[in-house]
Amino acid sequence: MSEVLETVMLVCFGLSWPINVWKNAKAKTAKNMSLRFILLIVAGYAAGIIAKIHSGTVSYVLAVYILNLIIVAVNVPVYFVNRRHDRYDAQEKLSARSRIVRSEAV
(Lines give C-alpha, C1' and ligand atoms only; values in the text may rest on other atoms or scores of the structure.)
Protein backbone atom coordinates (compact mmCIF):
# COMPACT_ATOMS: atom_id res chain seq x y z
CA MET A 1 0.00 0.00 0.00
CA SER A 2 2.81 2.43 0.83
CA GLU A 3 4.33 1.94 -2.64
CA VAL A 4 0.98 2.79 -4.25
CA LEU A 5 0.68 5.98 -2.18
CA GLU A 6 4.29 6.92 -2.92
CA THR A 7 3.62 6.41 -6.63
CA VAL A 8 0.50 8.57 -6.45
CA MET A 9 2.53 11.31 -4.76
CA LEU A 10 5.27 11.07 -7.39
CA VAL A 11 2.77 11.08 -10.27
CA CYS A 12 0.90 14.08 -8.86
CA PHE A 13 4.12 15.96 -8.26
CA GLY A 14 5.62 14.78 -11.54
CA LEU A 15 2.72 15.97 -13.70
CA SER A 16 3.80 19.56 -13.15
CA TRP A 17 7.28 19.06 -14.62
CA PRO A 18 6.37 18.56 -18.30
CA ILE A 19 4.16 21.64 -18.04
CA ASN A 20 7.05 23.55 -16.48
CA VAL A 21 9.50 22.46 -19.19
CA TRP A 22 7.02 23.46 -21.92
CA LYS A 23 6.35 26.85 -20.32
CA ASN A 24 10.06 27.57 -19.91
CA ALA A 25 10.95 26.52 -23.44
CA LYS A 26 8.11 28.59 -24.87
CA ALA A 27 9.02 31.67 -22.80
CA LYS A 28 12.54 31.88 -24.28
CA THR A 29 13.77 33.66 -21.16
CA ALA A 30 15.51 32.45 -18.02
CA LYS A 31 14.26 35.39 -15.97
CA ASN A 32 11.71 33.27 -14.07
CA MET A 33 13.88 30.16 -13.87
CA SER A 34 16.27 29.16 -11.09
CA LEU A 35 19.10 26.77 -11.93
CA ARG A 36 19.66 26.18 -8.21
CA PHE A 37 16.03 25.15 -7.75
CA ILE A 38 16.16 22.80 -10.75
CA LEU A 39 19.39 21.19 -9.51
CA LEU A 40 17.94 20.87 -6.00
CA ILE A 41 14.95 18.95 -7.36
CA VAL A 42 17.27 16.77 -9.50
CA ALA A 43 19.34 16.03 -6.37
CA GLY A 44 16.17 15.14 -4.46
CA TYR A 45 15.05 12.67 -7.11
CA ALA A 46 18.58 11.22 -7.29
CA ALA A 47 18.52 10.76 -3.51
CA GLY A 48 15.14 9.01 -3.78
CA ILE A 49 16.51 6.68 -6.45
CA ILE A 50 19.62 5.90 -4.42
CA ALA A 51 17.49 5.29 -1.31
CA LYS A 52 15.28 2.83 -3.21
CA ILE A 53 18.30 0.93 -4.52
CA HIS A 54 20.17 1.01 -1.19
CA SER A 55 17.17 -0.22 0.81
CA GLY A 56 16.52 -3.01 -1.66
CA THR A 57 12.95 -1.83 -2.32
CA VAL A 58 13.40 -1.66 -6.07
CA SER A 59 9.96 -1.75 -7.69
CA TYR A 60 7.87 0.10 -10.25
CA VAL A 61 8.13 3.18 -8.00
CA LEU A 62 11.78 3.45 -9.04
CA ALA A 63 10.65 3.90 -12.65
CA VAL A 64 8.49 6.87 -11.62
CA TYR A 65 11.43 8.43 -9.78
CA ILE A 66 13.62 7.99 -12.87
CA LEU A 67 10.95 9.40 -15.20
CA ASN A 68 10.51 12.47 -12.98
CA LEU A 69 14.29 12.92 -12.75
CA ILE A 70 14.62 12.86 -16.55
CA ILE A 71 11.79 15.34 -17.06
CA VAL A 72 13.17 17.77 -14.46
CA ALA A 73 16.68 17.39 -15.89
CA VAL A 74 15.38 18.53 -19.30
CA ASN A 75 14.94 21.94 -17.66
CA VAL A 76 18.73 22.30 -17.29
CA PRO A 77 19.51 22.68 -21.02
CA VAL A 78 16.33 24.77 -21.44
CA TYR A 79 17.70 27.12 -18.78
CA PHE A 80 20.99 27.60 -20.64
CA VAL A 81 19.26 28.06 -24.00
CA ASN A 82 17.00 30.68 -22.43
CA ARG A 83 19.99 32.44 -20.87
CA ARG A 84 21.52 32.64 -24.33
CA HIS A 85 18.27 34.19 -25.60
CA ASP A 86 18.39 36.72 -22.74
CA ARG A 87 21.98 37.69 -23.57
CA TYR A 88 21.15 38.05 -27.26
CA ASP A 89 18.09 40.20 -26.45
CA ALA A 90 20.18 42.39 -24.12
CA GLN A 91 22.80 42.89 -26.84
CA GLU A 92 20.10 43.76 -29.36
CA LYS A 93 18.60 46.36 -27.02
CA LEU A 94 22.05 47.83 -26.38
CA SER A 95 22.73 48.01 -30.13
CA ALA A 96 19.38 49.66 -30.74
CA ARG A 97 20.05 52.25 -28.03
CA SER A 98 23.46 53.11 -29.47
CA ARG A 99 21.95 53.52 -32.95
CA ILE A 100 19.35 55.89 -31.50
CA VAL A 101 22.00 57.90 -29.61
CA ARG A 102 24.18 58.13 -32.74
CA SER A 103 21.25 59.23 -34.91
CA GLU A 104 20.26 61.91 -32.37
CA ALA A 105 23.83 63.21 -32.25
CA VAL A 106 23.82 63.83 -36.00
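Within the set of pairs 6+ apart or on separate chains, which have a first residue in region 71-99 that is under 13 Å from ASN24 (Cα atoms), a second that is of a type in the set (Phe, Trp, Tyr) and part of a helix (DSSP H, G or I), and C-beta atoms under 6 Å apart?
ILE71/TRP17; VAL72/TRP17
To keep it simple, each residue is scored yes or no on (1) under 10 Å from the mean Cα position of the chain (by Cα); (2) not polar (S, T, N, Q).
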site: MET33; (1), (2): yes, yes
site: ILE41; (1), (2): yes, yes
site: ALA46; (1), (2): no, yes
site: ILE49; (1), (2): no, yes
site: LYS52; (1), (2): no, yes
site: VAL58; (1), (2): no, yes
site: VAL61; (1), (2): no, yes
site: VAL64; (1), (2): no, yes
site: ASN68; (1), (2): no, no
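Out of region 52-89, which residues are of a type in the set (Gly, Ala, Ser), at pLDDT below 95 and in a helix (DSSP H, G or I)? Before you say what the answer is, go through the steps one by one.
If we filter region 52-89 for residues that are of a type in the set (Gly, Ala, Ser), which is where we start, we get 55-56, 59, 63, 73.
Subsequent filtering for residues that are at pLDDT below 95 retains 55-56, 59, 63.
The answer is SER55, ALA63.
Are any of the residues in region 41-61 surrounded by fewer than 16 Cβ atoms within 10 Å (Cβ to Cβ) and either acidic (Asp, Glu) or touching a residue at least 60 places away in the same chain (Cβ under 8 Å) (or both)?
No; the residues of region 41-61 include none that is surrounded by fewer than 16 Cβ atoms within 10 Å (Cβ to Cβ) and either acidic (Asp, Glu) or touching a residue at least 60 places away in the same chain (Cβ under 8 Å) (or both).
Within region 1-40, how many residues turn out to be part of a loop (DSSP other than H, G, I, E, B), open to solvent by 100 Å² or more (accessible area, probe 1.4 Å) and free of Cβ contacts under 8 Å to residues at least 24 places away in the same chain?
Of the residues in that region, 3 qualify.
The values are calculated or read from the model by the stated rules, or taken from the named source; none is laboratory data. These figures come from a predicted structure and were not determined experimentally. Reconstructed Cβ throughout: ideal geometry from the backbone, glycine too, with neighbour counts over all protein chains shown. Ligands, DNA and RNA are stripped out before the accessible areas are found, and what is left, the full protein with its side chains, is counted by its heavy atoms. Shrake-Rupley method; radii C 1.70, N 1.55, O 1.52, S 1.80 Å.
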